[in-house]
Amino acid sequence: MSHNIKHIIAILLVLCSTSLRAECKYVPEDPYVEVNRVSFYFNHMLFALYIKPATKLYDLLPLPAKEGANNFIQNIRMACYTANSVLQGKFTQAGKGVLRFAVNSTLGIAGLFDVAAEIGLPEKIETMGNTFYKWGWKESSYLVIPLIGPSTIRDGIGIAGDYFINPSAYFPPEYWNPYYVLVLINTNYRAKQIQDLVSIAGVNDYDFVRSSFLQHRHYELTGEALSPESSYANDGKDLAGPPD
């Protein structure tokens, strides 16, 4: 399992680096559509055959156990979020991130309980993709990553960068494997309602997911919702444009 995911990360780095030239020019509405569709349906098949059954078993666990697993994962990721806060010049937020990690790692028993949120230290998610956006890489082409799902060239490179910042990348194999299996199952459990909605979308689910992801990502980065009149909101086709 660890070898496969690390191999995918290596492929992702190569793909992203070779795609940067195209990113420097005008980018068509979905320049990697053929590769994206292959990855999309690969993920769909993998989900149907393996991840969905595992997620159903995971759903049988008591809610406190599932919440504790999610809190544990997010607490480990605080190192990555805090590092990206620093890279974006958000030093106050970074300081709160360090304090949040300290509180949850001790009073929260290794992060199983989100004590920090109860005392006014909510989670602030900052990724390398957000950092690249802050540095000026405003637009980027849509990219579907095996095992991970919808992303962009910018955010794909960011995921690879975040992986090496995250302490979990340096876990010994006996901990690395079960941790990332848990991450995969937990992520899909958290996205279950969205996945059910996508299944209703039918044969056009690729376009549906692409449009929805790009609109949501736009909101995450700008804090602004796209107007109903925008072509972005209608089909998402114009969201993949040239970077600044």
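The values are calculated or read from the model by the stated rules, or taken from the named source; none is laboratory data. Everything quoted here is computed from the prediction, not taken from an experiment. Neighbour counts are summed over all protein chains in view; Cβ atoms, including those assigned to glycine, are modelled from backbone coordinates with ideal geometry. When the accessible area is computed, the model is the full protein with side chains, heavy atoms only, and any ligands, DNA or RNA have been set aside. Shrake-Rupley method; radii C 1.70, N 1.55, O 1.52, S 1.80 Å.
Any idea how far the Cα center of the range 39-74 sits from the one of the range 80-109, in Å?
27
Please report, as a whole percent, how much of the solvent-accessible surface of the range 102-147 comes from carbon and sulfur atoms (probe radius 1.4 Å).
Whole-percent figure for carbon plus sulfur exposure: 66.
At 0.36 nm per residue, minus the direct Cα-Cα distance, what do residue 124 and residue 207 gain on full extension? Give it in nm, one decimal, please.
26.9 nm
Considering the zone a paramagnetic label at residue 190 would reach in this model (a point 7 Å from Cα along the Cα-to-Cβ line), which residues of the range 80-108 have amide N under 15 Å from it?
80-82
Using 0.36 nm per residue of separation minus the Cα-Cα distance, give me the extension gain between residue 29 and residue 46 in nm, one decimal.
Length gained between residue 29 and residue 46: 3.4 nm.
At residue 67 and residue 106, where each label point lies 7 Å from the Cα along Cα→Cβ, what is the point-to-point distance in nanometres?
Distance between the two pseudo-spin positions: 2.4 nm.
Over the range 69-171, give the accessible area per residue in Å² for a 1.4 Å probe, as an integer.
43
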